[in-house]
Every structure is written in structure tokens, then in C-alpha cells.
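> What follows is a single structure, and I will ask about it in a moment.
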Amino acid sequence: MILLIFNVIFCLAFLAFAYVNLNDIDAALWVTIYMVAAICCGLAVFGIYYPIVNILAIAFYLVYAVILFFGKDGVRDWIVKYKRPSIVETMQAEKPYIEKTREFFGLLIAVAALAVDIFAR
């Protein structure tokens, strides 16, 4: 029952994440990323699992997260160079590290949700 509720919540959350990324410059990438996670969680609500899809998505998300972490104006720069200023004050990403840092944490959320479905089965 807890896994069912977890998947409903994350399916809805990933659908919302995909929606707010529709107006982004790289919308195709991010809507796809969040829709894959939403579909995996949505199918899990009905007891349908495709562990290979989850594993492939997790692998892609982790590789992309590493790129965002170490890239120019990425998460590492946000921590070390910019001293971790708030990334949630406004919805507009006015500084270059804000977008990459938010994307990084979005990927980690997706990885966690997909990993829970793999390990909880």
C-alpha cells in the first residue's frame, strides 16, 4: 500500500515537473526525462514493472547528473565557487548555476523514485 501511494505521488509530481519544463529552451530533453519517470511510476501503480527501463533511465540520469555536477557553472561551482546561494528564491534562473543545480536535483529525485521501485519489488 505504501509503494502504491509513493508511486501515485511521484507519478503526479513528475507530470507536474514535465509540465513546468514545457516552456524551457531544452524542453524536449526535460519533458522526456520526467515523462519516462512518470510513466514508470504510473505503471507501477498498476503493478506493471519494467526493471530494464528503470535501470536504463537511472543510468542515463546518473551520467547526466555527473555532467551537471562537474560542468561549468554546475553544482560543484554552485557549492565551491558561488558558496551555495539560494536556488529557489525565484522561478527564473537568473544565474547560470541555478538551472544546472535544479536540474541535478531533479535527476536525483527521479533516480530515487525509480530505484525504490526496483528494490521494493
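The values are calculated or read from the model by the stated rules, or taken from the named source; none is laboratory data. If you're wondering where the values come from, they're calculated on a predicted model, not measured in any experiment. Note that we place each Cβ from the backbone using ideal geometry, even for glycine, and neighbour counts take in every protein chain shown. When the accessible area is computed, the model is the full protein with side chains, heavy atoms only, and any ligands, DNA or RNA have been set aside. Shrake-Rupley method; radii C 1.70, N 1.55, O 1.52, S 1.80 Å.
> Averaging sequence separations of C-alpha pairs under 8 Å and six or more residues apart, then dividing by the length of segment 23-121, give the relative contact order as a whole percent.
Numbers: 70 pairs, mean separation 36.5, N = 99.
Reported as a whole number, the value is 37 percent.
> For the chain, find the longest principal axis of its Cα atoms and tell me its angle to the long axis of helix 51-70, 0 to 90°, nearest 10.
That helix lies at roughly 10 degrees to the long axis.
> Identify which of the listed values of mean projected area of the Cα convex hull in nm² was calculated from the structure shown: (1) 10.1; (2) 9.7; (3) 7.6.
(3)
> Return the distance in nm (one decimal) between the two label points of a simple spin-label model at T32 and F60, each offset 7 Å from Cα along Cα→Cβ.
In this crude spin-label approximation the distance works out to 0.6 nm.
> Now for a different question. With the other protein chains left in place, how much accessible area per residue, in square angstrom, belongs to the chain at a 1.4 angstrom probe? Please report the intermediate quantities before stating the final value.
Numbers: 7450 Å² over 121 residues.
Each residue of the chain exposes 62 Å² on average to a 1.4 Å probe.
> Still on this structure: Keeping the other protein chains in place, figure out the carbon and sulfur percent of the accessible area of the chain, with a 1.4 Å probe. Walk me through the intermediate numbers first.
Numbers: 5480 of 7450 Å².
After summing per-atom areas, the C and S share lands at 74 percent.
> Right, next: Residues in segment 59-79 near a label at F105, defined as backbone nitrogen under 14 Å from the 7 Å Cα→Cβ point?
Flagged as within label range: 75-76, 78-79.
> Also: Is it possible to state the helix-based mean residue ellipticity at 222 nm for the chain, with each DSSP H run of 4+ residues giving -39500 (n - 2.57), the sum divided by total residues, to the nearest 500 deg cm²/dmol? What is it? Please report the intermediate quantities before stating the final value.
Numbers: 5 runs with 89 residues, N = 121.
Result for the chain: -25000 deg cm²/dmol, rounded to the nearest 500.
> Stretch L15-E89 to full length: gain in nm at 0.36 nm per residue minus the Cα-Cα span? It would help to have the intermediate numbers written out before the result.
On the way: separation 74, 0.36 × 74 = 26.64 nm, distance 2.26 nm.
My answer for the length gained is 24.4 nm.
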